[in-house]
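No lab work stands behind these numbers, since they all come straight from the coordinates. Predicted model only: the values in this text are computed from it and were never measured. Here the Cβ is made from the backbone with ideal geometry for all residues, glycine too, and neighbour counts use every protein chain on show.
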Amino acid sequence: MGRYRYPAIAESEVTPRALFEQRRRFLAGSAALAAAALLPGALWPRRANAWPSLLESRLEDSLPSREMAGDEALTSRRDITTYNNFYEFGTRKSDPDVYAHRLVTDPWSVTIEGEVNKARSVALEDILRDMDLEERIYRLRCVEAWSMVIPWIGFPLRDLLALHEPTSDANYVVFESLYDPDNLRGQRRSIIDWPYREALRIDEAMHPLTLMAVGLYGEPMPNQNGAPIRLVVPWKYGFKSIKSVVKIRLVKERPTTSWTEQNPEEYGFYANVNPRVDHPRWTQARERRIGESGRRETLMFNGYGDEVADLYADMDLETHY
Ligand code: MTE
């Protein structure tokens, strides 16, 4: 397949790592001193630009890469960033690219709570410091019968969950997106009951294919694709892959989710890609690969059946669509 190339960076633009780290330590030290002087006894303020500079430096390393889309060609970066579903910015595919500059991503933190021994709100820079990043090339199949092949950068969700020690009552994992109607114009209309919510069963969440993505095409996540951190579950319809995650809650009972709440006939909780179960308004047997002409057959579990079919061995997937 035609591999993409990362944009070339001139040698002169690259700060030697030792110098860069020395400078970072110095900046961190002086920021800390200034903060301590100004705010005695106050909560430690989060520094703007802490996660972007950390992520940039991690992306300079060569990351392990796994191709999980066979030899299918990558969708162009342009298509991946201009043809999006991100209803927080409007319902047209072009809306996210036009309006997503309004998404405020820095500083960013994620609250991990519920059925865990170590609940906390954690700054994105601290998450990035703890996680090993890698590249995963996955197909993404939208419920609207189009698909893309995307080179994500991220880490397995299970590594993050493990750090917080799920209890034996953690049966499901619920995710919530940012709620900020001042900047997210779509949230001023009640298309769904905001904030956007999705959920997985705990074994789905702990599956090694389930990724928290922080970038694509070797760069930090573009806003329209769910900056700064989003879920990617490659064997499920795209609506499960929630963007701009601010909360992860582990719970005992199966929760409701935004789309199943809005229209349970059309959007099931499981939402596994299944060419044999049609959406009430169109077939799911075929899909249009963005950037190509014609249609291709949709694969069971989006082609990831060898890895995930066991999770559903005892279930009727026509009932649990
Ligand atoms: N997450 C939020 N918060 N809001 C959304 O509207 N759309 C979903 C999913 N995650 C959506 C979301 C749908 S329907 C799809 S197909 C994918 O995001 C699209 O991801 P992409 O734009 O990166 O291709």
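Odds and ends about this structure:
- Around residue 241: net Lys/Arg minus Asp/Glu count, Cβ-Cβ under 15 Å: +3
- Compared with the dominant Cα axis of the chain, that is its longest principal axis, helix 50-60 is turned about 70°.
- A Förster distance of 25 Å, applied to the separation of the beta-carbon atoms of residue 265 and residue 171, puts the FRET efficiency at 0.50.
- Each residue of the stretch 157-165 is assigned a 3J(HN,Hα), and the resulting list reads 3, 5, 5, 5, 4, 4, 4, 9, 6 Hz, derived from the Karplus form 6.51 cos²θ - 1.76 cosθ + 1.60 (θ = phi - 60°), x at Gly and Pro.
- One equal scatterer on each Cα of the stretch 49-312, no solvent, Debye formula: the resulting log10 I(q)/I(0) at q = 0.11, 0.13, 0.14, 0.15 Å⁻¹ is -0.57, -0.82, -0.98, -1.15.
- Projected label distance in nm at residue 91 and residue 318, using a 7 Å step from Cα toward the beta-carbon: 3.2 nm
- FRET efficiency, 1/(1 + (r/R0)^6) with R0 35 Å, evaluated for residue 162 and residue 61 via beta carbons: 0.95
- Note on residue 118: aspartates and glutamates with a C-alpha under 13 Å away, same-chain residues under 8 apart excluded, are 165.
- Amide H contacts for residue 146 (H built 1.01 Å from N in the peptide plane; partners 5 or more residues away or on another chain; cut-off under 5 Å): 288.
- Rounded to 0.05, the FRET efficiency of the residue 306 and residue 183 pair, given R0 = 41 Å and the Cβ-Cβ distance, is 0.45.
- Degrees, to the nearest 10: 17-38 long Cα axis against longest axis of the chain: 70 degrees
- Size of electric dipole in the chain: Cβ of Lys, Arg +1 and of Asp, Glu -1, about Cα centre, debye, nearest 20: 880 debye
- Farthest positive-ward along the stretch 49-312 dipole, Cα basis, beta-carbon charges - from 279, 50, 244: 279
- For the stretch 295-321 and the stretch 75-142, distance of Cα centres in Å: 25 Å
- Whichever aspartates and glutamates have a C-alpha closer than 14 Å to that of residue 252, once near sequence neighbours (fewer than 8 apart) are set aside: 113, 115, 169, 203
- Estimated [θ] at 222 nm from DSSP helical runs (n ≥ 4, -39500 (n - 2.57)) normalised by residues in the chain, nearest 500: -6000 deg cm²/dmol
- Each Lys or Arg adds one and each Asp or Glu subtracts one; over the other residues with Cβ under 13 Å from the Cβ of residue 222, this totals +1.
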